[in-house]
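In what follows, a single structure is set out as structure tokens and then discussed.
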Amino acid sequence: MEKIKKLLEFPLKALSMLFDVVFTITSGKLAYQRVNKVSHAHGPATQFKFLKHCSFVDQTLVFEVEGALLKSYSLFPYFMLVAFEAGGPFRALILLLLYPLLLLVSNIELGLKILVFVSFVGIKKDKFRVGTAILPKFFLEDVGRQGFDIVMSYDRKVAVTEMPKIMVEGFLRDYLGINTVVARELKEFRGYFLGLMEEKMDAGDQKMSTPNIGLVCSRKSYDHKIFSDCKEIYLVTEAEKKKWQVLPRNRYPKPLIFHDGRLAFRPTPLASLAMFIWLPYGFLLSIIRTIVYISLPFNLSLPILALSGGVVTTASASKPAPDQPTTCGGHVLYVCNHRTLIDPLMLSWALTKSVSAVTYSISRLLSSISPIKTVPLTRDREKDGKMMKLLLSQGDLVVCPEGTTCREPYLLRFSPLFAEMTDEIVPVAMELKVTMFHGTTASGLKCLDSTFHLMNPNPTYFVNILNKLPSSQTLNGGGKSKFEVANYVQNQIATALGFECSNLTRKDKYRILAGNEGFV
């Protein structure tokens, strides 16, 4: 019996440690194995509420990202995003299945190592862009306004985090202007992550010679050596954090215009479980919706798709008196903002007639099964212009002059090429709401865009057909330049949607999200 006990002692102890870590992560309470009393060479730590009365002149703030900036204590959603977006659904499923075991782990460091290993092992380093293209959106949506106000009050800021540096550095640098991040690097072998973190945190090159303030969470130990230089350490209590409000979008230091990734929700354990339960049904639903799209006429497909959960809301302005026919035979050029690849199809449904479309980066598979005529653009202005005029001479045409999709309430700069085609221009404002998956990507497989979009339980499109441009605002009738026409149309659509106009382009988006010029 004693031998059996000795044999089982180590596995049981390891299992017990494993089970204890994730309880902290799930319930959102990151706690260390031992609870340290807050003490400092200059006296006991002060409550967080007194921090706002401190002098911020010539001081450096050292703060914990998880405890003093983010509202949620849980790190699981961020690792789930890494696992799903960088490693795929199978890796994400493994991480989710390990979650009940992690709940029983008492050693927080061990639990963190498990999350890191499952999420990162085997991922190629030079293709990892989750930290700069996907996670910043979710971090920003989790920033507490009160913590943000304190952190941004200091000119010099040093962030300390338990997460791997590659996960948080892009968010802190690009959106908060924090260049010094104290975190552990990931070990790698021949360009691939091993799923292991370095033992020591990288504190960067900054020397903190001025008096410093430390801002930490009361549920964590703050005996890290970087806090030893702080004259005062302030606490963020759990009671204080419960009162924190989410940082509103208009307070973001930098507008969030571009982000990538397929997941449209915060993947908490419960939400991730719901997604995996839905996946087989969603895939089947996507096939059914695709068949309905390509095989049935508009008057039959709309009711069936509505029964499947799809919603298309249309609005149309009163039609003005017709102007004189143009060189394109009076056919209309519909100019839309770009949300997904199926924007032209949604417009066809709203018009209850088929219209041709020109688009960038559509796969041959999607083009072959499309119920409307789609023609790829070549990015050669002369060739594209001739082709658009030919299509307009044959019927109505849809064009998305942004050249790429944008998920956020912003319009990218409109290419003015469409203004040279005809004076019969009708702006169309498109809006889309999804709850589970994004049907666009900058670095993933574009052939799966429509599949992911149609897998959403209730994809909702809003199509607002605006008034045709008055002759005074056109190239031939009003003597406007092509740039003035493009800007006018962009402003009309932005006003209808409540969006903001920007000067960013397709190239800007792909440089930020995919590290290339947008050639797919």
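Let's see how each residue does on (1) farther than 13 Å from residue 172 by Cα; (2) assigned to a helix (DSSP H, G or I); (3) at pLDDT below 95; (4) not assigned by the TED database to the domain that holds residue 84:
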site: 112; (1), (2), (3), (4): yes, yes, yes, no
site: 115; (1), (2), (3), (4): yes, yes, no, no
site: 119; (1), (2), (3), (4): yes, yes, no, no
site: 122; (1), (2), (3), (4): yes, no, no, no
site: 126; (1), (2), (3), (4): yes, yes, yes, no
site: 136; (1), (2), (3), (4): no, yes, no, no
site: 139; (1), (2), (3), (4): no, yes, no, no
site: 148; (1), (2), (3), (4): no, yes, yes, no
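Is it the case that some residue within segment 107-125 is among the basic types (Lys, Arg), within 26 Å of residue 238 (Cα to Cα), open to solvent by 10 Å² or more (accessible area, probe 1.4 Å) and touching a residue at least 12 places away in the same chain (Cβ under 8 Å)?
Narrowing segment 107-125 to residues among the basic types (Lys, Arg): 113, 124-125.
The next check asks that each one be within 26 Å of residue 238 (Cα to Cα); those that pass are 113.
Next, only the ones that are open to solvent by 10 Å² or more (accessible area, probe 1.4 Å) stay: 113.
Restricting the remaining residues to those that are touching a residue at least 12 places away in the same chain (Cβ under 8 Å) gives 113.
Checking segment 107-125: at least one residue is among the basic types (Lys, Arg), within 26 Å of residue 238 (Cα to Cα), open to solvent by 10 Å² or more (accessible area, probe 1.4 Å) and touching a residue at least 12 places away in the same chain (Cβ under 8 Å).
I want to confirm something. Restricting to segment 239-275 and keeping residues that are of a type in the set (D, E, K, R) and surrounded by 14 or more Cβ atoms within 10 Å (Cβ to Cβ), which single residue is nearest to residue 454 (Cα to Cα)? Quick ask: steps written out before the conclusion?
Of all residues in segment 239-275, those of a type in the set (D, E, K, R) come to 240-243, 249, 251, 254, 260, 262, 266.
Narrowing the set further to residues that are surrounded by 14 or more Cβ atoms within 10 Å (Cβ to Cβ) leaves 240-241, 260, 262, 266.
Details: 240: 42, 241: 38, 260: 18, 262: 13, 266: 19 Å.
Applying the filter and picking the extreme gives 262.
All but one of (1) within 19 Å of the chain's Cα centre (by Cα); (2) surrounded by 23 or more Cβ atoms within 10 Å (Cβ to Cβ); (3) β-branched (Val, Ile, Thr) hold for residue 398, so report the exception by its number.
(1)
Would you point out which residue out of 169, 199 is assigned by the TED database to the domain that holds residue 139, open to solvent by 50 Å² or more (accessible area, probe 1.4 Å), within 15 Å of residue 116 (Cα to Cα) and modelled with pLDDT of 70 or more? Even if it seems obvious, please write down each step before you answer.
Values: 169 fails: within 15 Å of residue 116 (Cα to Cα).
Selected residue: 199, the only one of 169, 199 that is assigned by the TED database to the domain that holds residue 139, open to solvent by 50 Å² or more (accessible area, probe 1.4 Å), within 15 Å of residue 116 (Cα to Cα) and modelled with pLDDT of 70 or more.
Hey, could you check segment 58-84 for residues that are surrounded by fewer than 24 Cβ atoms within 10 Å (Cβ to Cβ) and acidic (Asp, Glu) and say which is modelled with the highest pLDDT?
Within segment 58-84, the match that is modelled with the highest pLDDT is 66.
Among the residues of segment 264-313, how many are closer than 20 Å to residue 435 by Cα and in a loop (DSSP other than H, G, I, E, B)? Give the steps one after another, and end with the answer.
Initial filter on segment 264-313 (closer than 20 Å to residue 435 by Cα): 264-290, 305-313.
Next, from what is left, pick out any that are in a loop (DSSP other than H, G, I, E, B): 264-268, 308-310.
Within segment 264-313, residues that are closer than 20 Å to residue 435 by Cα and in a loop (DSSP other than H, G, I, E, B) number 8.
Please pick out the residue among 377, 365 that is at pLDDT below 90, open to solvent by 70 Å² or more (accessible area, probe 1.4 Å), among the aliphatic types (A, V, I, L, M) and in the same structural domain as residue 292 (by the TED database). If you could, list the steps in order and put the result at the bottom.
Working: 377 fails: open to solvent by 70 Å² or more (accessible area, probe 1.4 Å).
It is 365.
Report, by residue number, each residue of segment 430-463 that is open to solvent by 30 Å² or more (accessible area, probe 1.4 Å) and under 23 Å from residue 352 (Cβ atoms).
Listed by number, the residues that qualify are 431, 432, 433, 458, 460, 462.
The values are calculated or read from the model by the stated rules, or taken from the named source; none is laboratory data. Model, not experiment: these values are computed from the prediction. All Cβ positions, glycine included, derive from the backbone under ideal geometry; neighbour counts span all protein chains shown. With ligands, DNA and RNA removed, areas are computed over all heavy atoms of the protein, side chains included. Shrake-Rupley method; radii C 1.70, N 1.55, O 1.52, S 1.80 Å.
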